[in-house]
Structure formats: structure tokens, C-alpha cells
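Just below is one structure, and these are the notes that go with it.
Any read-out appearing in this document is the output of simple, stated calculations on the displayed coordinates, not a laboratory observation. Model, not experiment: these values are computed from the prediction. Virtual Cβ from ideal backbone geometry, glycine too; neighbours counted across all protein chains shown.
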Amino acid sequence: MNVELLWWEGCPSTERALAAVREALADLGLEDVDVRAREIRSDGDARDAGFVGSPTILIDGVDLVPAATDEQIGLSCRVYRRRDGRVSPIPDPDDLREALRVAAERTEVTR
Amino acid sequence: MSLSIGQVAPDFALLDTEGRKWSVAGYDGAPATVVVFTCNHCPYALAWHDRIVDVAREYAARGVRVLAVNSNDADRYPRDSLDAMKDRVANEDWPMPYLYDSTQEVAREYGAKVTPDVFVLDAEDRLRYRGAPDADYDNPGERAEWLREALDAVLSGSILERPETKPVGCSIKWKA
């Protein structure tokens, strides 16, 4: 399983997001999975990556929370919704865990 | 350049979403004014918004004015355009005016860096607090406690123990 976190320096949520990803992996017994962090530095980088805000977490290349079709590509901080409806700069830990669990099972099946 | 604690805040004349003009100076009798730089698209500003709204409502009875200011470059970030601001105010219950700093001059003069960035001014428009609303955007239970502490100190004429905290949020989107 490949986990990649795309980040932009204009948002202070990168460390917290990385910690959340690692915590979710640990909860699933997947501590060995490497989390790659990739900085998005420019509008050009954002266009190339389809980056709709920081942090964006890709699991096997798929966005953990698929962006809405009208989501603007560019350098900004991403708005997530917690399961209780609150706005947050990082994904809900349960959504993160669930997406990683599904990806891990898929990896196991296709192995 | 950033406004320092104790310094008189620069005055401004900004229009809100209804086209009304607002300024800092010239409001005799207002014991405190909160200028909060905020915007529509930032998760930190959105996460803290309800807490700031609660403060605006609760302290209005004590004469406190809260002015929300959006300074982001709307060309690059259309979600922070004046039209988007108007939509938001029309669809939400705002107890404070939402001002548009289209030239970004006010943000530069205050030295605002992120959204939200909170400035509390006393009756003489001197800066008494600058920073985050409270310690954790992710915990509504914090209730914008640092902002409340600042207002309570200004209103009671007491010394503010925490005049500055680090503002946390999305960087202000400056024009190129």
C-alpha cells in the first residue's frame, strides 16, 4: 500500500495530519507502511497533482476524501468535515482509519 | 510591519457586505473593538467562526464591537470574493459586519498574517491583545477563551496576562 501526503507550507496542519495518518496505521497494525510526504510548492505543482488543498492524503493514488467537482485546484488549506459535522483542517480519524483498512484489505486480496 | 501591543491601531474605512462603511476610530463609547481577519475558504477560520460569533453576541450588550475583515486575494481565491462574502452573510446569522479589504492595505497595516488573526483594541483604539481566539481550533469547548480573557481585562481595566499568542491558521493570500 502506498500512502502519500501532499502538503503546502501555507497551512500549519501538516504535522498533525502526518501524526494522524501514522496513528491510524498503527491502530491497524500497519506501522511498517511508509508515508511519503510531498511538498506542493507552486500553482504549477498544484495543477500537475490536481491538488485541491493541504493536506491531501492519497492512498494508492486515490484521494482519501474525493474532491468535489467544483473544488478549486491551487495552493490553499483544505476543508474537511468531521463525522459530527465540524469543520476541520484534517480528515476525521475514523475516515482515515476506514480508508486505510479498505486499502489494506484490497492489497491483501490482490496479492 | 506589525502592530505592537499598546500601539494605537490605524484607522480604516472599509465597506461591509451591505455597502455600509465601517471604521475603527470615531466610535466614542465603545469600550473595546475586536478586529478579526478571517475568510471563507480557510478551515481554521471556519472552525473558529462559531466561537467568535458567540463572543460577538455575548459582548455586544457590553458595548463591544466585532469587525470581521476579509483581505484575501479574491482573484486567485474566488471563494473569498465579495459576492461569496455576501452569500455567506445572507445564508448565515452574522452578528457582526463582514468587511472587504480589497486592497489588502488594512491587513498590511495591522500586520495580519493568517486567518483567523484576532486584534483586541481598547476604548482608545490601543492594541491590547493579538493572536488566536483560543488554544485549539479543534475544541469548541475552548470557547474563544483567550479572546474572552482579553475583552474581560479591557472591560474591567485590569492587566492582561496574555497579551499575545501565536495566531494559527491559513496564510493570508496576498496579491502577487
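Tabulated data
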| quantity | calculated |
| --- | --- |
| Helices (runs of 4 or more DSSP H) contained entirely in the range B:35-115, each with at least 1 residues that are under 14 Å from B:Gly169 (Cβ atoms) and away from chain A (no Cβ under 14 Å) | B:105-110 |
| Residue satisfying condition, being touching a residue at least 60 places away in the same chain (Cβ under 8 Å), charged (D, E, K, R) and surrounded by fewer than 21 Cβ atoms within 10 Å (Cβ to Cβ), within set B:Glu124, B:Glu145, B:Glu92, B:Glu149 | B:Glu124 |
| The range B:107-120, residues that are among the aliphatic types (A, V, I, L, M) and either without any contact (Cβ under 8 Å) to a residue 24 or more places away in the chain or surrounded by fewer than 24 Cβ atoms within 10 Å (Cβ to Cβ) (or both) | B:Ala107, B:Val114 |
| Test: residue in the range B:56-71 that is surrounded by 23 or more Cβ atoms within 10 Å (Cβ to Cβ) and either among the hydroxyl-bearing types (Ser, Thr, Tyr) or over 27 Å from B:Glu145 (Cα atoms) (or both) | yes |
| Exclusive hit being touching a residue at least 40 places away in the same chain (Cβ under 8 Å), of a type in the set (S, T, N, Q) and farther than 27 Å from B:Gly157 by Cα, set B:Ser71, B:Ser4, B:Ser81 | B:Ser71 |
| Members of the range A:61-111 that are within 11 Å of the chain's Cα centre (by Cα) and acidic (Asp, Glu) | A:Asp63, A:Asp92, A:Asp95 |
| The range B:17-34: number of residues that are outside any loop (DSSP other than H, G, I, E, B) and crowded, with 21+ Cβ neighbours inside 10 Å | 3 |
| Condition met for B:Ser71 (within 25 Å of B:Arg130 (Cα to Cα), of a type in the set (Ser, Thr, Tyr) and in contact with a Leu (Cβ under 8 Å, 6 or more places away or on another chain)) | no |
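Residues are listed down the side, and each one gets a yes or a no for (1) touching a helix residue (DSSP H, G or I) at 6+ places or on another chain (Cβ under 7 Å); (2) of a type outside the set (Val, Ile, Thr); (3) within 17 Å of B:Ile52 (Cα to Cα); (4) more than 10 Å from chain A (Cβ to nearest Cβ):
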| residue | (1), (2), (3), (4) |
| --- | --- |
| B:Tyr129 | yes, yes, yes, yes |
| B:Tyr137 | yes, yes, yes, no |
| B:Leu155 | no, yes, no, yes |
| B:Lys175 | no, yes, no, yes |
